[in-house]
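Just below is one structure, and these are the notes that go with it.
The values are calculated or read from the model by the stated rules, or taken from the named source; none is laboratory data. What you see is a predicted model; the values in this text were computed from it and never measured. Ideal geometry is used to build each Cβ from the backbone, glycine not excepted, and the neighbour counts take in all protein chains shown. All accessible areas refer to the heavy atoms of the entire protein, side chains included, with ligands and DNA or RNA removed. Shrake-Rupley method; radii C 1.70, N 1.55, O 1.52, S 1.80 Å.
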Amino acid sequence: MKEVLELIQLRKEEFAKLPLFEYLQNENIDPRERVAWAPCFAPFAMNFKDLNAYALREEPTTDPIQEMINTHTYEDGQHWAWYLTDLERLNIDPSMRFTETLRFLWGDETKRTRYLCYELFAITLSQTDPLLKLAIIESIEVTGTVALAALAKLGQDLEEITNKHYRYFSARHLDVETGHVQGGLSYDDTDNFLQKLQLTEQQKKQAIEIVNRVFDSFTNCVIELMEYGQNHSFAQPFPKIHKSEILASAIA
Ligand SMILES: [Fe+2]
């Protein structure tokens, strides 16, 4: 697994250079404007709950690695609730028609974020080998660490300006995301454990492909979030739906 972990670190360095992460922490921009991408993230924040429950978790198991993965899914599968809390506290919570909400969630503006979810499900559901599931989780966790470090700063800036506490966009979220699978061991013990895992040549080949696919999809999602953030504002965080568009698609 050592080589796989090295690749993850390499991809992490590249991932961390994406403009969104600098933008999230840019003190020259009002922190409320820096969070205007938040609606676009909804498909991932909510789907991640299902990924943990239905794709990564497998119960009952006698495999110690799958056991570790199961423990991890119970922690990480709950954070969607924090995302909702933050949207409420930020008042990014307008009343919308149900059909308008569906158009948004399955619309063009969120397509790469949805695709990331489909990719993660596709990679995970076809996986019965817990070692390869670990490669998926490790990649996700590392992208999470990069994003959450930037979000912790954004959350802090938001707290100062709004006098409210945030959960998803907070240092407390970063604290529970260690950057490794959370299987009940300390970061160092997990690190030692992972470094020593032996993979066959075939497993290594598959793990490398998995890592690259996960990072590629997260990269596309982060690029989309940045674009969304630039095309929307805190005052208008959802796309305006033009009546003519709805009419045109109804007629077509
Ligand atoms: Fe999380």
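Quantify how much of the Cα-Cα distance distribution of the chain extends past 33 Å, in percent.
The calculated P(r) of the chain puts 22 percent of pairs beyond 33 Å.
Calculate for the chain the 222 nm mean residue ellipticity that helices alone would give, adding -39,500 (n - 2.57) per DSSP H run of length 4 or more and normalising by residue count, nearest 500 deg cm²/dmol.
The per-residue figure over the chain is -21000 deg cm²/dmol.
Please turn the phi angles of the stretch 147-156 into ³J(HN,Hα) values with the Karplus equation 6.51 cos²θ - 1.76 cosθ + 1.60 (θ = phi - 60°), one per residue in order, whole Hz, x for glycine and proline.
These are the phi-based 3J(HN,Hα) values: 5, 6, 5, 5, 5, 5, 5, 4, x, 5 Hz.
Take the chain, connect every pair of alpha-carbon atoms lying under 10 Å apart with a spring to form a Gaussian network, then pick out the residue of Ala38, Ala122, Ala147 with the largest mean-square fluctuation.
Top of the fluctuation ranking is Ala122.
Tell me which trypsin sites (Lys or Arg not before Pro) from the stretch 85-143 have a DSSP coil assignment and no more than 12 other beta carbons within 10 Å of their own.
Counting only loop positions with at most 12 other Cβ atoms within 10 Å, the trypsin sites (Lys or Arg not before Pro) in the stretch 85-143 are Arg97.
On a 0 to 90 degree scale, rounded to 10, what angle separates helix 64-76 from the longest Cα axis of the chain?
20
Please identify the trypsin sites (Lys or Arg not before Pro) of the stretch 1-70 that satisfy two criteria: DSSP loop assignment and at most 12 other Cβ atoms within 10 Å. Which are they?
Sparse-neighbourhood loop trypsin sites (Lys or Arg not before Pro): Lys17.
With a Förster radius of 30 Å, plug the Cβ-Cβ distance of Ser186 and Trp106 into 1/(1 + (r/R0)^6) and report the FRET value to the nearest 0.05.
Efficiency for this residue pair is about 0.15.
Could you go through the stretch 129-141 in sequence order and give the Karplus-derived ³J(HN,Hα) for each residue, using 6.51 cos²θ - 1.76 cosθ + 1.60 with θ = phi - 60°, rounded to whole Hz, and x for Gly and Pro?
Running phi through 6.51 cos²θ - 1.76 cosθ + 1.60 with θ = phi - 60° gives 8, x, 5, 6, 5, 4, 4, 5, 4, 4, 5, 4, 4 Hz.
Determine ³J(HN,Hα), in whole Hz, for all residues of the stretch 174-189 in sequence, where each value follows from phi through the Karplus function 6.51 cos²θ - 1.76 cosθ + 1.60 and θ = phi - 60°; x replaces Gly and Pro.
The phi angles translate into 4, 4, 8, 9, 6, x, 10, 4, 9, x, x, 9, 6, 4, 5, 5 Hz.
Could you check how much of the accessible area of the chain is carbon and sulfur, as a whole percent, using a 1.4 Å probe?
53
Only Cα pairs under 8 Å and at least 6 apart count here; give the relative contact order of the stretch 2-251 as a rounded whole percent.
Computed value for the stretch 2-251: 36 percent relative contact order.
Please identify, among Ile136, Ile210, Ile65, the residue showing maximal mean-square fluctuation in a Gaussian network model of the chain using a 10 angstrom Cα cutoff.
Ile65
Skip the ligands, DNA and RNA, and give the accessible area per residue of the stretch 2-251 with a 1.4 Å probe, whole Å².
Per-residue accessible area for the stretch 2-251 comes out at 51 Å².
Checking the table Lys2/Lys133; Lys17/Lys240; Lys17/Lys196; Lys2/Lys205 against a 20 Å threshold on Cα-Cα, which pairs fail?
Pairs exceeding the cut-off: Lys17/Lys240; Lys17/Lys196.
Please identify, among Met96, Met68, Met226, the residue showing maximal mean-square fluctuation in a Gaussian network model of the chain using a 10 angstrom Cα cutoff.
Met96
Could you give the angle, 0 to 90 degrees to the nearest 10, between helix 80-89's Cα long axis and the longest principal axis of the Cα atoms of the chain?
30
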